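Asks: Structure provided below as structure tokens; questions to follow.
The values are calculated or read from the model by the stated rules, or taken from the named source; none is laboratory data. It should be emphasised that the depicted structure is a prediction, and the values quoted were computed from it without experimental measurement. Every residue, glycine among them, receives a Cβ derived from its backbone with ideal geometry; neighbour counts consider all protein chains shown. Ligands, DNA and RNA are stripped out before the accessible areas are found, and what is left, the full protein with its side chains, is counted by its heavy atoms. Shrake-Rupley method; radii C 1.70, N 1.55, O 1.52, S 1.80 Å.
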Amino acid sequence: VKRMASEVRGRGIGVRGDTITVTNYNLLNAITFAYDVHEQQVSGGPAWKTTDRFEMVIKPDTPGQPNPRQLRRLIQKVVSERFHLTFHNEQRELSVYVITQPPGTTHKMTAATAGPNLPTLRYPRAGLLPARNATMTELAQSLQTTVMDRPVINLTKLEGRFDFTIDWRPDETQFATFGQVSAQPDTGKPNIYEAFREQLGLKLEATRAPATIMVIDSVEKPSEN
């Protein structure tokens, strides 16, 4: 782990062989990725958690390239062992988005047949998500991480994995990680709420609901190695 210069731009996680390189992440970026939470679900901690940026080079103890779940666990280990992060969870009411299935309706998704394969939820462009072998919780997590400006909670009670595509016109609150700062031109596509209803047979809405909050108890700047 080493501190990065403030003028460095761009950030990301790269996996090459058995080496993972986390570039230009601050502590908050690392926590939200590792524990799959929204920034609004992290409370407390020092001011430097959002200002100081780091490079982390990780070599797993086991051979082979880590899958996404293993990658999150590896970064959890780094923030625990090198940043000495300790925290506890609380339930608080937050402004969130919830995904539900309206009573008496049938969803429009296709049951996946990929077996135990890992899900695919990648955005080829802002406003397009061809998802394969995904659960509703994984959909909520993907929207929360990449698209929406607040936590997303799955309340559908739908079990299993599905194939589906959502195609919509984003607004100015969405896809901050894509650098989007203004609404997209009108392409005739629905907004995300209409797309959920028309393309998935589900409902996405903004509301307030209890959510799990990570409260930072203690954390330290890592020594470089």
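Asks: List the strands (runs of 3 or more DSSP E) that sit entirely inside the range 1-90 and contain at least 1 residues that are farther than 16 Å from Val219 by Cβ and in contact with a helix residue (DSSP H, G or I) (Cβ under 6 Å, 6 or more places away or on another chain).
Replies: 53-58
Asks: Suppose we filter Arg16, Arg11 for residues that are modelled with pLDDT under 90, closer than 29 Å to Thr212 by Cα and open to solvent by 40 Å² or more (accessible area, probe 1.4 Å); which single one remains?
Replies: On inspection, the qualifying residue turns out to be Arg11.
Asks: Consider only pairs whose beta carbons are under 8 Å apart and that are at least six residues apart or on different chains; among these, list those whose first residue lies in the range 1-15 and is over 16 Å from Trp48 (Cβ atoms) and whose second residue is open to solvent by less than 50 Å² (accessible area, probe 1.4 Å) and assigned to a loop (DSSP other than H, G, I, E, B).
Replies: Note: pairs meeting the criteria are Val15/Pro66.
Asks: Follow-up. Report yes if Glu93 is open to solvent by 60 Å² or more (accessible area, probe 1.4 Å), in contact with a strand residue (DSSP E or B) (Cβ under 8 Å, 6 or more places away or on another chain), closer than 25 Å to Ile31 by Cα and not aliphatic (A, V, I, L, M), otherwise no.
Replies: Yes.
Asks: What number of residues within the range 192-205 satisfy the criterion of being assigned to a strand (DSSP E or B) and open to solvent by less than 60 Å² (accessible area, probe 1.4 Å)?
Replies: 1
Asks: Is it the case that some residue within the range 40-63 is within 30 Å of Asp163 (Cβ to Cβ), modelled with pLDDT of 90 or more and aliphatic (A, V, I, L, M)?
Replies: no
Asks: Only one of (1) under 20 Å from the mean Cα position of the chain (by Cα); (2) farther than 15 Å from Val215 by Cα is not met by Asp61, so which one is it?
Replies: (1)
Asks: Something else about it: So, in the range 107-133, how many residues would count as being of a type in the set (Val, Ile, Thr) and either open to solvent by less than 50 Å² (accessible area, probe 1.4 Å) or at pLDDT below 95 (or both)?
Replies: Counting residues in the range 107-133 that are of a type in the set (Val, Ile, Thr) and either open to solvent by less than 50 Å² (accessible area, probe 1.4 Å) or at pLDDT below 95 (or both) gives 2.
Asks: If the Cβ limit is 6 Å and pairs must be 6+ apart or interchain, which residue in the range 194-223 that is in contact (Cβ under 8 Å) with a residue 40 or more places away in the chain pairs with which residue that is open to solvent by 80 Å² or more (accessible area, probe 1.4 Å) and among the basic types (Lys, Arg)?
Replies: Leu200/Lys108; Gly201/Lys108; Ile213/Arg92
Asks: I need a count of the residues in the range 64-98 that are under 15 Å from the mean Cα position of the chain (by Cα), farther than 30 Å from Tyr193 by Cβ and of a type in the set (A, V, I, L, M).
Replies: Result for the range 64-98: 2.
Asks: Would you call Gln101 surrounded by 12 or more Cβ atoms within 10 Å (Cβ to Cβ) and in contact (Cβ under 8 Å) with a residue 12 or more places away in the chain?
Replies: The answer is yes for Gln101.
Asks: What pairs come out if I take residues in the range 142-166 that are within 13 Å of Leu129 (Cα to Cα) and touching a residue at least 40 places away in the same chain (Cβ under 8 Å) and pair them with residues that are β-branched (Val, Ile, Thr) and surrounded by fewer than 16 Cβ atoms within 10 Å (Cβ to Cβ) whose C-beta lies under 6 Å away, six or more apart or interchain?
Replies: Final answer for the pair search is Asp163/Thr110.
Asks: Considering the range 22-48 alone, what residues qualify as being open to solvent by less than 40 Å² (accessible area, probe 1.4 Å) and of a type in the set (Val, Ile, Thr)?
Replies: Matches in the range 22-48: Val22, Ile31, Thr32, Val37, Val42.
Asks: Give the number of residues within the range 134-167 that are in contact with a strand residue (DSSP E or B) (Cβ under 8 Å, 6 or more places away or on another chain) and either open to solvent by 20 Å² or more (accessible area, probe 1.4 Å) or more than 30 Å from Gln91 (Cα to Cα) (or both).
Replies: Qualifying residue count for the region: 15.
Asks: Would you check if there is a residue in the range 168-191 being crowded, with 16+ Cβ neighbours inside 10 Å and not in a loop (DSSP other than H, G, I, E, B)?
Replies: Scanning the range 168-191 turns up no residue that is crowded, with 16+ Cβ neighbours inside 10 Å and not in a loop (DSSP other than H, G, I, E, B).
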